[in-house]
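Asker: My structure is below; once you've seen it, I'll send some questions.
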Amino acid sequence: MKCPKCKSENVSIQIVNESHLVNKHHGIIWWICIGWWWVFVKWIILTIPALIFAIFVGKRKKIVNETHKEAVCQSCGYNWKTK
Ligand SMILES: [Zn+2]
């Protein structure tokens, strides 16, 4: 594979996995008011039972995983998506 920018053959390909349900961003005020305890409470109330549930019952939630390959040029640092 050749780099489209500098035509170098020194290109490495890596597989990038994107999970879409996780990408939820909050503002700084949210973190100060709610975030610090909400994450803690959510972790205990939701995550631990969910993990136990997942181990015994199997996957319940559907997470959309998108996998694509990303090529990175080792010569100029240019990166682009490939199939
Ligand atoms: Zn390049």
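The values are calculated or read from the model by the stated rules, or taken from the named source; none is laboratory data. This structure is a prediction, so every number in the text was calculated from the model and none was measured. Here the Cβ positions follow ideal geometry from the backbone for every residue, glycine too, while neighbour counts run over all protein chains shown. For the accessible areas, the whole protein counts, side chains as well, though only heavy atoms, and no ligand, DNA or RNA atoms are used. Shrake-Rupley method; radii C 1.70, N 1.55, O 1.52, S 1.80 Å.
Asker: Mean residue ellipticity at 222 nm from the helices of the chain, using -39,500 (n - 2.57) per DSSP H segment of n ≥ 4 over the full residue count, to the nearest 500 deg cm²/dmol?
Answerer: It comes out at -5000 deg cm²/dmol, rounded to the nearest 500.
Asker: Further question: At what distance in nm do the modelled label points of Val41 and Asn65 sit from each other, each positioned 7 Å from its Cα along Cα→Cβ?
Answerer: Taking the simple label geometry, Val41 and Asn65 are separated by 3.2 nm.
Asker: Something else about it: With every protein chain kept in the model, how would you rank Thr67, Thr47 by accessible area, 1.4 Å probe, largest at the top?
Answerer: From most accessible down to least: Thr67, Thr47.
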